[in-house]
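Here the structure comes first, spelled out in structure tokens, and everything after it is commentary.
The values are calculated or read from the model by the stated rules, or taken from the named source; none is laboratory data. Small disclaimer: the values here were computed from a predicted structure and weren't measured. Methodologically, a virtual Cβ is constructed for each residue, glycine included, from the backbone with ideal geometry; neighbour enumeration extends over all protein chains shown. In case anyone asks, the SASA skips ligands and DNA or RNA and just uses the protein heavy atoms, side chains included. Shrake-Rupley method; radii C 1.70, N 1.55, O 1.52, S 1.80 Å.
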Amino acid sequence: PTGYMENSISYSAIEDVQLLSWENAPKYCLQLTIPGGTVLLQAANSYLRDQWFHSLQWKKKIYKYKKVLSNPSRWEVVLKEIRTLVDMALTSPLQDDSIHQAPLEIVSKLLSENNNLTTQDHESIIVAIAPLLENNHPPPDLCEFFCKHCRERPRSMVVIEVFTPVVQRILKHNMDFGKCPRLRLFTQEYILALNELNAGMEVVKKFIQSMHGPTGQCPHPRVLPNLVAVCLAAIYSCYEEFINSRDNSPSLKEIRNGCQQQCDRKPNLPLRLLHTSPDLVSQEATLTESRLKPVIVTSNEIHVEVERNNTANQKMTANVGNDSEPNLIDCLMVSPTCSTMSIELSAQADRILGCYVEILKMLSDYDDWRPALASLLQPIPFPKEALAHEKFTKELKYVIQRFAEDPRQEVHSCLLSVRAGKDGWFQLYSPGGVACDDDGELFASMVHILMGSCYKTKKFLLSLAENKLGPCMLLALRGNQTMVEILCLMLEYNIIDNNDTQLQIISTLESTDVGKRMYEQLCDRQRELKELQRKGGPTRLTLPSKSTDADLARLLSSGSFGNLENLSLAFTNVTSACAEHLIKLPSLKQLNLWSTQFGDAGLRLLSEHLTMLQVLNLCETPVTDAGLLALSSMKSLCSLNMNSTKLSADTYEDLKVFL
């Protein structure tokens, strides 16, 4: 017969496959032997014929091994067949993902259907399929089998010799643990198995070093996100029992307004917060008692104690009518008269927590990983139960400290909230936050680094004045220089409107030597500014080309420029550092910065202080979108030259809307 096949032939029915060729005719054929005869297949060329041949051979053998391994009798024979199957997959000339995945799926199904294997059988099978795992992810069922082996035999040599390259490949090449969560779970169990070895965290540290590489820059961009995903999932699992009880625990709004009593909740849940009863509300209204008796709810895993006083109760009843959902950090604010929490984890959960928080510390020690790590942790991707756990926040403090010490803006800016209306690590570790366990040293460090690069200086100072003025004054009273500078800036920029508060800040500054010295310098600057404005001076000024920041500072300090309206710094060598002197020119309306090194940081400072500026020339300057967007607040700006800058089309459209 010729033409197309009318009936299909099952792979299991093929008894033999042979290559056929003729000397005088260019025919490329395959001969299939089936029960009752043979079938001749003709291909267009030798490449297609060989592809058919090897594919049919592969399918035929796969069906054979599926049949043999589906009903195992003796495990010696099964192990031999697995090795033969692996060798066949490795030597096949076919290039396809299924060539290696099919044997792994067969072995995975075999292991899932036979739970009575000995440990020796487990290890023999793992060693047999190890060559296939060098370039392939294990399927889900096989991952579960590997997880079980890591839990039951963490000190087995298989963990180090076989699992290590598998986990390394997962961390280097996996793109999304959400699509394959068992790969993440296997990686998590493998790291815990390393931690169970004699050297413990030293072994884990060497593994992290091997993933980063010996150079200063990790060559694999997926390693850090995957490691962080594993850490977050592991830490989440430590509090999973608490989290699962949320369906019967108070919401964030209930926590803000009060806590329910134990009788209003189902019993035996690990986390309980208490809600005000009518009796308590009536006591709050009459204010007959200075302090209510603490209410304590305990279970075998968590203890929650809530104390209330009249002040806290008045604030609570004032917020009862507020329907807005409170911020997470506000719900966890701790003070001696508000609430205290103590979470006790099981021994196993405590070991897991310690291991993975330690890994986060290791990751924060790598300079090239720190920016991405800070960005990944900026949204605070931890459950509220973890943030209420003193041990967790105390251990994580090292990571936050590393962020606060990093001079790069993309790192320390992640201490702030990811968007308006949300709290960030800065609020969590500031005095009054649940994670603050010192006298404000970390808070002062964060304020110092943020003030050094924060372009919204007035906005940041206003936020400190509204929420953290007390801690700032306390630290300044103890001689902290950063806080002394903050209080002086609040006075200089007129952040504080209340006269009594201003006098209190002045008294605080005068109580220490460093504060007294800086306050005197502030007063001198204010007197010089008033004198400058009184004397007047020229209205136009042009600096010679090649002038520097030091030349400009020397010139402005030598005379009176209170009336200066037009300043040209074109073709000079000034940088963003000169902005500190430019903002002291209150009458400036026209500023020419053509072909200078004036950058984004200077623009941000100008946008806050030079409110009367009307003409600005930034042609051929290194400014970018980040700095140009700050100009949107300058409502008096009439002319803006941005030729030959790094302005993007989107930023141009945004500026057209605001200016």
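At a glance:
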{"read-out": "Residue pairs meeting the criteria (Cβ under 7 Å; at least 6 apart or on separate chains; first free of Cβ contacts under 8 Å to residues at least 40 places away in the same chain, in the stretch 415-428; second in a loop (DSSP other than H, G, I, E, B) and among the charged types (D, E, K, R))", "value": "417/423"}
{"read-out": "Listing of helices (runs of 4 or more DSSP H) fully contained in the stretch 200-287 that carry 1 or more residues being modelled with pLDDT of 95 or more and under 21 Å from the mean Cα position of the chain (by Cα)", "value": "201-212, 223-238"}
{"read-out": "Residue in the stretch 420-437 that is over 20 Å from the mean Cα position of the chain (by Cα), modelled with pLDDT under 90 and closer than 23 Å to residue 603 by Cα present", "value": "no"}
{"read-out": "Among the residues listed as 77, 39, the single one being assigned to a helix (DSSP H, G or I) and either in contact with a Cys (Cβ under 7 Å, 6 or more places away or on another chain) or exposed (fewer than 14 other Cβ atoms within 10 Å of the Cβ) (or both)", "value": "77"}
{"read-out": "Top-ranked residue in the stretch 163-181 [being touching a Phe, Trp or Tyr at 6+ places or on another chain (Cβ under 9 Å) and farther than 17 Å from residue 219 by Cβ; ranked as most open to solvent (accessible area, probe 1.4 Å)]", "value": "164"}
{"read-out": "Top-ranked residue of the stretch 548-590 - restricted to ones that are more than 14 Å from residue 616 (Cβ to Cβ) and among the basic types (Lys, Arg), ranked as nearest to the chain's Cα centre (by Cα)", "value": "584"}
{"read-out": "Looking only at the stretch 128-162, and only at residues there that are crowded, with 16+ Cβ neighbours inside 10 Å and among the polar types (S, T, N, Q), the one that is farthest from the chain's Cα centre (by Cα)", "value": "156"}
{"read-out": "Top-ranked residue in the stretch 89-127 [being among the hydrophobic types (A, V, I, L, M, F, W, C) and open to solvent by 70 Å² or more (accessible area, probe 1.4 Å); ranked as farthest from residue 153 (Cα to Cα)]", "value": "90"}
{"read-out": "Which listed residue is in contact (Cβ under 8 Å) with a residue 60 or more places away in the chain and open to solvent by less than 70 Å² (accessible area, probe 1.4 Å), from 605, 655, 631", "value": "605"}
{"read-out": "Verdict on residue 442 being outside the structural domain of residue 610 (by the TED database) and either charged (D, E, K, R) or within 27 Å of residue 599 (Cβ to Cβ) (or both)", "value": "no"}
{"read-out": "Residue match in the stretch 565-572 (condition: of a type in the set (D, E, K, R) and open to solvent by 80 Å² or more (accessible area, probe 1.4 Å))", "value": "no"}
{"read-out": "Some residue of the stretch 1-21 being open to solvent by 80 Å² or more (accessible area, probe 1.4 Å), in contact with a strand residue (DSSP E or B) (Cβ under 6 Å, 6 or more places away or on another chain), in a loop (DSSP other than H, G, I, E, B) and touching a residue at least 12 places away in the same chain (Cβ under 8 Å)", "value": "yes"}
{"read-out": "Condition check for residue 641: open to solvent by less than 30 Å² (accessible area, probe 1.4 Å) and either in contact with a Leu (Cβ under 8 Å, 6 or more places away or on another chain) or closer than 26 Å to residue 492 by Cβ (or both)", "value": "no"}
{"read-out": "All positions within the stretch 344-358 that are within 22 Å of residue 212 (Cα to Cα) and assigned to a loop (DSSP other than H, G, I, E, B)", "value": "none"}
{"read-out": "Subset tally (residues that are surrounded by 14 or more Cβ atoms within 10 Å (Cβ to Cβ) and not in a helix (DSSP H, G or I)) for the stretch 542-556", "value": "3"}
{"read-out": "In the stretch 574-583, the residues that are surrounded by 18 or more Cβ atoms within 10 Å (Cβ to Cβ) and part of a loop (DSSP other than H, G, I, E, B)", "value": "574"}
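To keep it simple, each residue is scored yes or no on (1) touching a Phe, Trp or Tyr at 6+ places or on another chain (Cβ under 6 Å); (2) among the charged types (D, E, K, R); (3) at pLDDT below 90; (4) part of a helix (DSSP H, G or I).
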{"site": "447", "(1), (2), (3), (4)": "no, no, no, yes"}
{"site": "451", "(1), (2), (3), (4)": "no, no, yes, yes"}
{"site": "460", "(1), (2), (3), (4)": "no, no, yes, yes"}
{"site": "466", "(1), (2), (3), (4)": "no, yes, yes, yes"}
{"site": "471", "(1), (2), (3), (4)": "no, no, yes, yes"}
{"site": "475", "(1), (2), (3), (4)": "no, no, yes, yes"}
{"site": "486", "(1), (2), (3), (4)": "no, no, no, yes"}
{"site": "494", "(1), (2), (3), (4)": "no, no, yes, no"}
{"site": "501", "(1), (2), (3), (4)": "no, no, yes, yes"}
